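Every read-out reported here was derived from the displayed coordinates using simple, explicitly stated rules and does not represent laboratory data. Bear in mind the structure is a predicted one, so any value in this text is a computation, not a measurement. All Cβ positions, even for glycine, are placed from backbone atoms using ideal geometry, and neighbour counts span all protein chains on display.
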């Protein structure tokens, strides 16, 4: 399958704190990060959230632009992975602390995986 | 000096993640938290930031409403402290990780203390 236009992603060194914090200030986006926290690549179609598809795309774009996720397009399908190692290198302990806090506070539990067929 | 109207603060158990993350998504507010991170009470008049006084008051209100700081009014003066222990109890490791990331990323260095006379 031909690889199409790939969205721009910040390099690890270009990831900055304020956009990361802003991206993680939303329950849907925290839910997406929780869902991706096993670092397996997921098709956008697998992701389940109580928002419209266009809103979900927006949230995924915010996460990508902040350097939190990597989006890969293959044909008409999009796949997403958490950039856990990159974030850990840039801001040690930050993502783990946010994920632990989200767990304590039950934030993002309404986001998960469905039985979609990928991207 | 008579104690006047005290602003409402969330109890420790009422502190929630999303407002905390949103409050910490701004460089001035991160600078204020850095400045207060020694947990000494500071008069608002001691705080130096490259914004108008009304903007600084707004930022201090956002931090207070999120449960990150405690504001005490005494007469016409306001004093502020970081609720470091409360936050640590609620979301272990989160504030330290954000402060460490702010240090790495040089965020909030334009905020500090002046030689003001307190509140």
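Go ahead and estimate [θ] at 222 nm for chain A from helices alone: -39,500 (n - 2.57) per DSSP H run with n ≥ 4, summed, over the residue count, rounded to 500.
-11500 deg cm²/dmol
If we hang a label 7 Å off Cα along the beta carbon direction at residue B:73, how far is it from the matching labels on the other copies, in nm, shortest first?
Distances between equivalent label points, in nm: 5.4.
Semi-axes of the equivalent ellipsoid of the protein assembly as shown: what are they in whole Å, largest first, if each equals the square root of 5 times a C-alpha gyration tensor eigenvalue?
Taking √(5λ) for each Cα gyration eigenvalue gives 38, 18, 14 Å.
Name the nearest-to-axis residue of chain B, judged by Cβ distance to the rotation axis taking chain B onto chain A, and quote that distance in whole Å.
Here the value is B:97, 2.
Which order, highest average first, do A:11-18, B:106-113, B:14-21 follow once you tally other Cβ atoms within 10 Å for each residue and take the mean per peptide?
B:14-21, B:106-113, A:11-18
Evaluate peptide B:22-32: per residue, the Cβ atoms of other protein chains within 10 Å of its Cβ; return the mean as an integer.
3
Gap in Å between the Cα centre of region B:1-70 and the Cα centre of region B:78-119?
9
Let me know the mean shielding of A:85-94 by other chains, meaning the per-residue number of their Cβ atoms within 10 Å of its Cβ.
Partner Cβ neighbours, averaged per residue: 3.
I need two numbers for region A:17-64: Rg to one decimal and Dmax as a whole number, Cα atoms only, in Å.
Cα radius of gyration and Dmax of region A:17-64 are 10.4, 29 Å respectively.
Rank-order B:88-99, B:25-36 by packing density, defined as the average count of other C-beta atoms within 10 Å over each peptide's residues, highest first.
Ranked from most to least packed, the peptides come out as B:25-36, B:88-99.
Run the numbers on chain A and let me know its relative contact order in percent, using alpha-carbon pairs under 8 Å that are six or more apart.
Averaging sequence separation for qualifying contacts and normalising by length gives 41 percent for chain A.
Can you list, shortest first in nanometers, how far residue B:61 lies from the same residue in the other copies, with each label 7 Å from Cα toward Cβ?
Inter-copy label distances (nm, one decimal, shortest first): 3.2.
In nm, one decimal, shortest first: how far is the label point of residue B:114 (7 Å from Cα along Cα to beta carbon) from the matching points in the other copies?
Computed spacing set for this position: 5.5 nm.
Between residue B:52 and residue B:106, what FRET efficiency follows from the Cβ-Cβ distance if R0 is 30 Å, with the result rounded to 0.05?
Here the calculated transfer efficiency is 0.85.
Any chance you could list the semi-axes, whole Å, largest first, of the equivalent ellipsoid that the Cα gyration tensor gives for chain B, using √(5λ)?
The answer is 21, 18, 12 Å, longest axis first.
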